[in-house]
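**Student:** Got a structure for you, written out below as structure tokens; questions coming shortly.
The values are calculated or read from the model by the stated rules, or taken from the named source; none is laboratory data. This is a predicted model, so every value here is computed, not measured. A quick note on method: Cβ atoms are made from the backbone with ideal geometry, for glycine too, and the neighbour counts reach across all protein chains shown.
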């Protein structure tokens, strides 16, 4: 049994959204910074249990607190990966603001927060207390590194699980 799910990657500028997509979809990583203008689309099929899901991954340009969420990009999306740079504490608040704007603009969508650049964690990045607070608020956090690949498949897989969890009745019939 197989289905197709559109997901979006959102987050502040330079948190590693494009690097996560490249690592997940093509198993590559580049140290060169590439700004995404508008949207870039990749696909990859993943298996969760005995179910196959074709992901259509929309890598959206970086957002900051002054930019507007583009509702058209989220049309038909099953959920989103909200990327936070584990080395830049300010990206936690940007993620909070983005989530609030997304809920106000497109309604509730399943999401997973990817705490990226975890391979660089030297204690000087995003405050543990800020990340723990997100967890207490019910955010599902997955620590990732696009560079090493750590947690990347898990983040996308957990998002698929959350999306299918919101459609539990249909998911249970499919498995």
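**Student:** Please work out if residue 149 is surrounded by fewer than 17 Cβ atoms within 10 Å (Cβ to Cβ) and over 20 Å from residue 78 (Cβ atoms).
**Tutor:** Numbers: surrounded by fewer than 17 Cβ atoms within 10 Å (Cβ to Cβ): yes; over 20 Å from residue 78 (Cβ atoms): yes.
The answer is yes for residue 149.
**Student:** Taking into account only those residues within the range 97-121 that are buried (at least 19 other Cβ atoms within 10 Å of the Cβ) and more than 13 Å from the chain's Cα centre (by Cα), which is nearest to residue 10 (Cα to Cα)?
**Tutor:** That would be 102.
**Student:** Also, quick follow-up: Considering each residue of the range 47-57, count those that are surrounded by 16 or more Cβ atoms within 10 Å (Cβ to Cβ) and touching a helix residue (DSSP H, G or I) at 6+ places or on another chain (Cβ under 8 Å), and give that number. It would help to see each step written out before you state the result.
**Tutor:** Keep residues of the range 47-57 that are surrounded by 16 or more Cβ atoms within 10 Å (Cβ to Cβ), which gives 53, 55-57.
Still in the running and touching a helix residue (DSSP H, G or I) at 6+ places or on another chain (Cβ under 8 Å): 53, 55, 57.
Here the count works out to 3.
Yes or no, residue by residue, for (1) under 22 Å from residue 49 (Cβ atoms); (2) part of a helix (DSSP H, G or I); (3) at pLDDT below 95:
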{"residue": "131", "(1), (2), (3)": "no, yes, yes"}
{"residue": "139", "(1), (2), (3)": "no, no, no"}
{"residue": "147", "(1), (2), (3)": "no, no, yes"}
{"residue": "150", "(1), (2), (3)": "no, no, no"}
{"residue": "153", "(1), (2), (3)": "yes, yes, no"}
{"residue": "156", "(1), (2), (3)": "yes, yes, no"}
{"residue": "164", "(1), (2), (3)": "yes, yes, yes"}
{"residue": "169", "(1), (2), (3)": "yes, yes, yes"}
{"residue": "173", "(1), (2), (3)": "yes, yes, yes"}
